[in-house]
């Protein structure tokens with residue numbers, strides 16, 4: 001299966017998204033992700049979280065058509081954000 005349409009969630013407290021680049025807030029590390037995604041033709045929706053459970057709420061509130069249009073989820077952050085994203089995906093599948 002080729003992943004062509006992704007949701008990327010980013011913990012805005014630890015990372016920033018600027019001009020297609022994801023970087024630690026302290027700027028010691030910089031990882032350019034958009035050029036790689038463009039190269040392989042991946043579309044994406046970037047969600048920068050503003051608060052606790054923000055990613056969970058946004059993913060859970062998507063209508064069925066939008067949700068099924070995505071091939072995968074990427075979580076850029078720590079355990080909390082990963083748990084939110086995983087929990088929302090599992091919750092959607094059990095509805």
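Key figures for this structure:
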| read-out | value |
| --- | --- |
| Elements of type strands (runs of 3 or more DSSP E) in segment 9-95, at least 1 residues being at pLDDT 75 or above | 43-49, 72-76 |
| Residue selected from segment 54-87 under the condition under 15 Å from residue 10 (Cβ atoms) and in contact with a helix residue (DSSP H, G or I) (Cβ under 7 Å, 6 or more places away or on another chain), by the criterion surrounded by the fewest Cβ atoms within 10 Å (Cβ to Cβ) | 73 |
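The values are calculated or read from the model by the stated rules, or taken from the named source; none is laboratory data. These figures come from a predicted structure and were not determined experimentally. Cβ sites come from the backbone with ideal geometry, for glycine too, and all protein chains shown count toward neighbours.
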